[in-house]
Amino acid sequence: MRKRITLLAVVAVTALALSGCSNSDSGTTDSTDAGSGSDAALFEVASNVDLTGSPTFDAMTERGSVKVGVKEDQPGLGYLDAATGERTGFDIEIAQWIAATLGFPEDKIEFTAIPSANRESAIVNGDIDYYVGTYSITDKRKEQVDFAGPYFVTGQGLLVAADNTDITSEKDLAGKTVCSATGSTPIQNIKDNFPDTKTVEFDTYSQCVEALKDGSADAVTTDEAILIGYAAQEPDSLKVVGEPFTVEKYGVGLPKGDDALRAYINDMFTNGGDTWTAIYDSTLGQSGTTVEQPAVDAY
C-alpha cells in the first residue's frame, strides 16, 4: 500500500515553521479565529501577501467554503476512488494546501471535476474559485485567466501497449492514431507539429486509455507525469516510451485580474518548500522519481 502523509500533518508542520511570518491584518484567517485544538496550526498564515482586494477570497469568505476545479481520472495526480469516494493525488493535496492556508479545512472544500476544454469557462463564469489539475500555463490561456506557479514542471510523453514495439518516441508517430483530451495542449501540439499523425479526442484521459487498450488508438499522449500514473496501475498492459518532447508548467488557474490571490499563492509556494516536498514524496514520489520544486514565475 502506498505510504500517504496526511495533508493536515504536512500543513501543520509547515504552518508552525512559518508562524513567525504571520500577519493578522493579511485578510486571511489566523489560528485564533479558526478555532483551537489540533487543527489550530492548520490555519496559520503561510504567506506574507495581503489578500485585501481579492474578490475571489472575499467570495470564499462570504460563502464559508472554497470551490476547487480538479481532475479525477489521473492516478497519482487527481483521482477519485469510486468505491470509497476518496480523492487522492499530488494536485488534490496542492489544492487542499492552498485552501488550508486560506482558512478552509477539507470539509469546507467543494471539489468539481472539470474537463480540460471547460477549464477557462469554469473560472471565468465563477463556477470555481481556482483550478488545480495538470493545467499548463500558456500565453493563450493567460488571455482569459491568470495563473499562480508553476508548482510542477513536466513534459509531453507517450503511453502505448506493453507489447508495442513500433512506437519508441514521437519520431514514430507518422501514420499512427494518437489520443488525448479535447482542449489540451498535447493534442494541439500533435495537430500543429505532427501532420502525418491521426488524432482522436475524448473529454478525459481515462477514455483515451480505454481506446488504447481496445486498439482504436495506437498511443495516448499527455504530460508524462499523468502517463506514469496509468502505467503504474497496469504495468503488464501499458508502458511509457521515449523522453518528454515539450516542457509543460503546471499552474493554479485563477480569475483574471485577481493579483492579490495570485501573489499570495506564489508567496506560499516560495515559502513552503518543505510542504511541497512532503506532498510530492507522498504522491508522485511513490513512483521512485525525484524532482525539485520549480521557482514561480513573476509575470
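Any read-out appearing in this document is the output of simple, stated calculations on the displayed coordinates, not a laboratory observation. Computed from a predicted model, the values in this text were never measured in an experiment. Neighbour counts are summed over all protein chains in view; Cβ atoms, including those assigned to glycine, are modelled from backbone coordinates with ideal geometry.
Summary of computed values
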read-out	value
Pairs, first touching a residue at least 60 places away in the same chain (Cβ under 8 Å) in region 229-246, second of a type in the set (Lys, Arg), C-beta under 7 Å, six or more apart	Ala231/Lys239; Ser237/Lys213
Conditions (1) part of a helix (DSSP H, G or I); (2) more than 27 Å from Ile279 (Cβ to Cβ); number of the one not met by Trp97	(2)
Qualifying residue in region 230-249 (condition: of a type in the set (Val, Ile, Thr) and crowded, with 23+ Cβ neighbours inside 10 Å)	no
Answer residue from region 62-101, given it is more than 18 Å from the chain's Cα centre (by Cα) and in contact (Cβ under 8 Å) with a residue 40 or more places away in the chain and is surrounded by the fewest Cβ atoms within 10 Å (Cβ to Cβ) among those	Gly64
Residue match in region 185-195 (condition: among the aromatic types (Phe, Trp, Tyr) and outside any loop (DSSP other than H, G, I, E, B))	no
